[in-house]
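Engineer: For reference, the structure I am asking about is given below.
Just so you know, all these numbers are worked out from the coordinates, no wet-lab data involved. Small disclaimer: the values here were computed from a predicted structure and weren't measured. Please note: Cβ atoms are built from the backbone with ideal geometry, for glycine as well, and neighbour counts cover all protein chains shown.
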Amino acid sequence: AYERRFPTCPLIPMFVASDTVNEYKSEDGAIHVIERRCKLDIDAPRLLKKIAGVDYVYFVQKNSLNRRERTLHIEAYNETFSNRVIINEHCSYTVHPDNEDWTCFEQSASLDIKSFFGFESTVEKIAMKQYTSNIKKGKEIIEYYLKQLEEEGITFIPRWTPPVTCKSESSTSHTRRPVSPAINIPESATKEGSNNKEILNTSSSPSEPTAGTPDDKLDADYIKRYLGDLTPMQESCLIRLRQWLQETHKGKIPKDEHILRFLRARDFNIDKAREILCQSLTWRKQHQVDYILDTWNPPQVLQDYYAGGWHHHDKDGRPLYVLRLGQMDTKGLVRALGEEALLRYVLSINEEGLRRCEENTKVFGRPISSWTCLVDLEGLNMRHLWRPGVKALLRIIEVVEANYPETLGRLLILRAPRVFPVLWTLVSPFIDDNTRKKFLIYAGNDYQGPGGLLDYIDKEIIPDFLGGECMCEVPEGGLVPKSLYRTAEELENEDIKLWTETIYQSASVFKGAPHEVLIQIVDASSVITWDFDVCKGDIVFNIFHSKRAPQPPKKDSLGAHSITSPGGNNVQLIDKVWQLGRDYSMVESPLICKEGESVQGSHVTRWPGFYILQWKFHNMPACATTNLPRVDDVLASLQVSSHKCKVMYYTEVIGSEDFRGSMTSLESSHSGFSQLSAATTSSSQSHSSSMISR
């Protein structure tokens, strides 16, 4: 049955073709080894295939059939990108030691990604997705070919016997045995162990291989009221995992509903569910997540500018959460709060969701274990694709996926603009397949038509901003005032860290003492990107290139300025004896940046060497007709105490081939996105070598 999937298998769409490269048969017919080169069409983003320069991936598969021991061993490894990625897979079909009518199947694999054009995380997600899909379809495919054999009249295959005939009791004990139809066994019929093990029952016995004992039964009314429909196998898995927690876990034992979420997230594979549940329980204890609703109060800026909140329930009784993402200043929230506070707020939302599910279960008299999320993207533009914001979003998704599985019942995405596919391409690989199936996406006003919002939410509670009659008390968002922005040092003083520090750095700029950052470029045509805010004073931003490395960076002690600075550093790289045009050159025109401005941009490098980003104090020009300073200049200079400026910045270097498909492309990131700027694209200044926009 297994051999019938070659040279290609219609049940495995990505398996395009295979060629036999080596074959061996022993003289007695007991051993048959065949090696094939398999051609696969991996389900990966077109952009990734283009960057990798391949349309197909080739694997070498070696199948070793031993009729004497009644085993089939399958080994596979990748031929394509073998210097960047190492994939090894091993499968085996063996006879069950206690019941010869059962076939045991074991499968394991290893993945080692050394490097992959900067897309290591994406490749890992794709590989795990493909592998999980193969595991799920393995039993289905083998049963398909078993049935095909039976339809062709092949109901048994004689046991292999040695060529030399010898009479013994054992030779007469193994007579022809009819092969019964393959029966469907739940995927949860797994044996405990580190690998995926599954038993295919080919005997005529009607009993299931791992039926629960009478003591493993839960009260039927309790299941119906709080857990929903469970098969005997699923019920047994829940009982076994709960008992294991009671015996081994030191701490609070989660409720059955919570344990069940982790089992469902891993298709009732106890080993996998136990692993992620234990990791989550440790994480919850470490960060006191169980007490977050009682002990943590969201900062006022979140209450004012985070455009999300709970709003009644959907037609299935699930709590409904509304998020007006298009109206939210994601960059402002990250800069004012840091990633820690944002994550903590999202966790509090999830904890509130769990609490509301319990309440709705009591109200509606049936199990409600998930909620519905309605996301309005009206106003989403390139500003929302600001790279640090997207990184923060991916981190939030990662934490929520790991610790709140199967809590999202449905996600309704409304008024998706043209920029949405770009965000979706980046985010989707980090979202579990089961979760992705719950997404419903509507462009424009499609949500008002058939199959739209009314199919899931009662007309009486559709929010007013979507054309409904119900007043929605979700904050409207808007721009976070830059006066609320905080420095990296201030954000570092937060309490328990759920993540690493902010990716932004702060620097002080003085008159006569600019702050400089060194970037070494090995490959020409790389792209240097930057994003900074002028927190105090006016500065001039420059980019220089030098063929030789500058002196080791020296930090200004600030003694010459008689100023003590609680935060922000000052590094100078360009030696006083260097001459512009001889030792280094200017590669971009100077950019004058006023206090309060945000600047994002990029520069495509033309030569390898050393690039220096410089923030320099901006001297106020004197009046053209007199040597006396203007009144405005005097007043402005008084605001810059002791000739000091302050900037918060972030820089990154990426390959030019990745630039257009990356969120690091900061063109059209105009900070005046109020009323969800229609004029974003017109605000960016585009040059052949760089793109700078404020």
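Engineer: Going down the list 547/644; 331/646; 331/438; 594/644; 25/139; 285/482, which pairs span over 24 Å between their C-alpha atoms?
Structural biologist: The pairs that break the limit, which is 24 Å between Cα atoms, are 547/644; 331/438; 25/139; 285/482.
Engineer: How long is region 1-48 along each principal axis, judged by its Cα atoms, biggest number first, in Å?
Structural biologist: Cα extents, longest axis first: 51, 20, 11 Å.
Engineer: Compute the Rg to Rh ratio over region 288-482 from the alpha carbon atoms, using the Kirkwood formula for Rh, and round to two decimal places.
Structural biologist: We get a ratio of 0.93 for region 288-482.
Engineer: Right, next: Can you tell me the length gained on complete extension of the stretch residue 220 to residue 94, counting 0.36 nm per residue apart and subtracting the Cα distance?
Structural biologist: Length difference between fully extended and current span is 41.6 nm.
Engineer: When Lys and Arg each count +1 and Asp and Glu each count -1, what net charge do the other residues less than 12 Å away from residue 147, Cβ to Cβ, add up to?
Structural biologist: For residues surrounding residue 147, the net value is -4.
Engineer: Can you give the FRET efficiency for residue 585 and residue 303, using 1/(1 + (r/R0)^6), R0 = 60 Å, r = Cβ-Cβ distance, to the nearest 0.05?
Structural biologist: The formula returns an efficiency of 0.75 here.
Engineer: Continuing with the same structure: Give me a comma-separated list of calculated 3J(HN,Hα) values for region 449-466, in order, Karplus coefficients 6.51, -1.76, 1.60 applied at θ = phi - 60°, integers in Hz, x for any Gly or Pro.
Structural biologist: Each residue's phi maps through the Karplus curve to give x, x, x, x, 4, 5, 6, 10, 10, 4, 4, 5, 10, 5, x, 4, 6, 9 Hz.
Engineer: For residue 148 and residue 548, what is the calculated FRET efficiency with R₀ set at 60 Å and r taken between the beta-carbons, to the nearest 0.05?
Structural biologist: Calculated transfer efficiency: 0.25.
Engineer: Say a paramagnetic label sat at a point 7 Å from the Cα of residue 358, along Cα to Cβ; which residues of region 391-429 have their backbone N under 14 Å from it?
Structural biologist: It comes to no residues whatsoever.
Engineer: Need one number: the % of Cα-Cα pairs in region 1-150 sitting beyond the 23 Å mark.
Structural biologist: Value for region 1-150: 42 percent of Cα pairs lie more than 23 Å apart.
Engineer: Using each residue's phi in region 15-22, evaluate 6.51 cos²θ - 1.76 cosθ + 1.60 at θ = phi - 60° and report the 3J(HN,Hα) Karplus result to the nearest Hz, with x for Gly and Pro.
Structural biologist: For region 15-22, the Karplus-derived couplings read 7, 7, 6, 8, 10, 7, 10, 7 Hz, x marking Gly and Pro.
Engineer: Using alpha carbons only, how many angstrom separate the centre of region 411-450 from the centre of region 275-314?
Structural biologist: 24
Engineer: Oh, and also: Using 0.36 nm per residue of separation minus the Cα-Cα distance, give me the extension gain between residue 577 and residue 243 in nm, one decimal.
Structural biologist: Once the chain is fully extended between residue 577 and residue 243, it gains 112.8 nm.
Engineer: What is the mean projected area of the alpha carbon convex hull for region 218-286, to one decimal in square nanometres?
Structural biologist: Average of the hull's projected areas for region 218-286 equals 4.4 nm².
Engineer: For labels at residue 437 and residue 120 in the simple 7 Å Cα→Cβ model, what's the distance in nm?
Structural biologist: Label at residue 437, label at residue 120, 3.2 nm between them.
Engineer: Sticking with this one: For region 241-367, what is the Kirkwood estimate of the hydrodynamic radius, computed as the reciprocal of the mean inverse distance between distinct Cα atoms, to one decimal in Å?
Structural biologist: That comes to 16.8 Å for region 241-367.
Engineer: Give me the distance in nm between label points sitting 7 Å out from Cα along the Cα-to-Cβ direction at residue 264 and residue 378, one decimal.
Structural biologist: 3.2
Engineer: A follow-up question, please. Of 315/437; 114/391; 129/315, which ones are farther than 30 Å apart at the Cα?
Structural biologist: 129/315, as the Cα separations exceed 30 Å there.
Engineer: A further question on this structure: What list of whole percents do you get for P(r) of region 20-106, with Cα-Cα distances grouped in 5 Å bins up to the one holding the largest distance?
Structural biologist: 3, 12, 17, 18, 15, 13, 9, 7, 4, 2, 0
Engineer: R0 = 56 Å: FRET efficiency of residue 525 with residue 3, Cβ-based, nearest 0.05?
Structural biologist: Once the sixth-power term is evaluated, E becomes 0.65.
Engineer: Treating only the Cα positions of region 384-490 as identical point scatterers, give the base-10 log of I(q)/I(0) from the Debye formula at each q in 0.10 Å⁻¹.
Structural biologist: -0.41
Engineer: Now for a different question. Figure the gain on full extension for residue 366 and residue 651 (residue separation times 0.36 nm, minus the Cα-Cα span) and round it to one decimal in nm.
Structural biologist: 97.4 nm
Engineer: Relative to the compact-globule scaling 2.2 N^0.38 Å, provide the ratio for the alpha-carbon radius of gyration of region 327-411.
Structural biologist: Dividing the Cα radius of gyration by 2.2 N^0.38 Å gives 1.26.
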